1. Restricted to segment 3-19, and to residues that are surrounded by 13 or more Cβ atoms within 10 Å (Cβ to Cβ) and without any contact (Cβ under 8 Å) to a residue 40 or more places away in the chain, which residue is nearest to GLU33 (Cα to Cα)?
2. Looking at segment 24-53, which of its residues are surrounded by 12 or more Cβ atoms within 10 Å (Cβ to Cβ), farther than 21 Å from LEU3 by Cβ and either in contact with a Lys or Arg (Cβ under 9 Å, 6 or more places away or on another chain) or modelled with pLDDT of 85 or more (or both)?
Amino acid sequence: MRLTIGQEAILVKWFNTHRARGLCPVCESTEREWDTGEIVKIVAHITKDMDTVGREIPMLQLVCSNCGAIRLFDAVKLGLM
């Protein structure tokens, strides 16, 4: 799911408020060029003793424009869902 214009504004505000750094952990690019990807659902499989087995967690992809590495952020905690 692509971000709406409103969600893009929320994302920019969140990163500015939290002073998130743009350094890529793979290529160490300091260009701070991250492309907004999609909101994807990650399925949690921890143990059968916990309620989280099979629970879907919406995650936002940020993609390094230099090397293509993907960072995932909890879309709910970012305020996007």
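The values are calculated or read from the model by the stated rules, or taken from the named source; none is laboratory data. These figures come from a predicted structure and were not determined experimentally. Methodologically, a virtual Cβ is constructed for each residue, glycine included, from the backbone with ideal geometry; neighbour enumeration extends over all protein chains shown.
1. This residue is PHE15.
2. Listed by number, the residues that qualify are VAL26, CYS27, ALA44.
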